[in-house]
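The values are calculated or read from the model by the stated rules, or taken from the named source; none is laboratory data. This is a predicted model, so every value here is computed, not measured. FYI the Cβ positions are ideal-geometry reconstructions off the backbone, even for glycines, and counts take in every protein chain you see. What goes into the accessible areas is simple: the full protein's heavy atoms, side chains included, and nothing from ligands, DNA or RNA. Shrake-Rupley method; radii C 1.70, N 1.55, O 1.52, S 1.80 Å.
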Amino acid sequence: WDVMNAGSVNIVPENLSLAWEPPNAKHIMPEARDPKKRWYGVYAGYDVPQYNTNLVKPDELPKSYEDFLTRKQWVGKVVIEATDRDWMQSIIIHYGQEKGVKLLKDIATTLKPVVLDGHLAAARQIAAGEYPIALMNYSMLTTNLKQSGAPTDYFVLDPVHLWFGQAGINKNAPHLWRAS
């Protein structure tokens with residue numbers, strides 16, 4: 001590969017990543033660029049709860065993640081995506097280690113969330129009415145489905161985990177032009 005664009009360029013081993021700096025790098029917020037210049041954010045994604053508007057009315061939406069614990073009607077029907085470690089980490093950072101871990105354990109124990117594989121699959125299943133709500137999903141997926149006419153939307157709870165689609169260059173790119 002020559003160039004990679006994904007949400008995980010930051011975990012490509014350093015020996016495979018070229019340090020580079022685009023001309024306008026100084027205008028990119030610090031969180032959206034690697035200090036070692038191995039990747040740059042090219043778009044932002046936000047993790048927010050998603051719901052089916054036919055199954056959940058706006059006045060039923062939780063006002064906080066703690067508020068999810070009072071929604072007994074959603075036991076076994078709340079979705080979480082299997083790889084949401086970054087979102088969980090944002091909960092722990094926001095609430096503090098002890099309170100954040102306790103909240104996540106309480107959500108797991110009380111709501112018995114359904115673990116799905118893939119954010120797009122989760123977004124589609126919420127939109128199709130297979131489940132009423134997701135603890136979090138990518139706002140852009142929900143927006144795409146909503147714009148296509150699906151009965152789905154998202155709402156914002158603190159914390160909102162922000163992540164970046166990243167671009168990086170292979171240090172040994174077969175088609176990389178190098179000035180001599």
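Note on the stretch 58-111: residues that are more than 16 Å from the chain's Cα centre (by Cα), among the aliphatic types (A, V, I, L, M) and under 14 Å from Leu135 (Cα atoms) total 9. Given the conditions (1) at pLDDT 95 or above; (2) farther than 27 Å from Val42 by Cβ, and given that Ser180 satisfies all but one, which numbered condition is not satisfied? Checking Ser180 against (1) at pLDDT 95 or above; (2) farther than 27 Å from Val42 by Cβ, the one that fails is (1). The criterion of at least 2 residues that are over 17 Å from Ser8 (Cα atoms) and touching a Pro at 6+ places or on another chain (Cβ under 8 Å) is met, among strands (runs of 3 or more DSSP E) falling completely within the stretch 131-180, by 133-138. So, in the stretch 86-120, how many residues would count as being closer than 26 Å to Leu55 by Cα and free of Cβ contacts under 8 Å to residues at least 12 places away in the same chain? Residues meeting the conditions: 3.
For the structure I just gave you, tell me whether Ala32 is buried (at least 17 other Cβ atoms within 10 Å of the Cβ), touching a residue at least 60 places away in the same chain (Cβ under 8 Å) and more than 21 Å from Leu176 (Cβ to Cβ).
The answer is yes for Ala32.
Take Val56 and tell me if it is surrounded by 12 or more Cβ atoms within 10 Å (Cβ to Cβ), modelled with pLDDT of 95 or more and touching a Leu at 6+ places or on another chain (Cβ under 6 Å). No; evaluated as a whole, the condition is false for this residue. In the condition set (1) within 21 Å of Arg85 (Cα to Cα); (2) touching a Leu at 6+ places or on another chain (Cβ under 6 Å), Ala127 is compliant with all but (1). Go through the stretch 116-130 and give me each residue that's of a type outside the set (Val, Ile, Thr) and either assigned to a helix (DSSP H, G or I) or surrounded by 14 or more Cβ atoms within 10 Å (Cβ to Cβ) (or both). Hits for the stretch 116-130 are Leu116, His119, Leu120, Ala121, Ala122, Ala123, Arg124, Gln125, Ala127, Gly129, Glu130.
The single condition among (1) open to solvent by less than 60 Å² (accessible area, probe 1.4 Å); (2) on the phi > 0 side of the Ramachandran plot that Leu18 does not satisfy is (2). Taken over the stretch 136-161, the criterion of being of a type in the set (Phe, Trp, Tyr), touching a helix residue (DSSP H, G or I) at 6+ places or on another chain (Cβ under 6 Å) and closer than 20 Å to Glu60 by Cβ is satisfied by Tyr154 alone. Within the stretch 51-73, residues that are without any contact (Cβ under 8 Å) to a residue 60 or more places away in the chain reach partners that are surrounded by fewer than 17 Cβ atoms within 10 Å (Cβ to Cβ) with beta carbons closer than 7 Å, at six or more positions or on different chains, in the pairs Leu69/Asp106; Leu69/Thr110.
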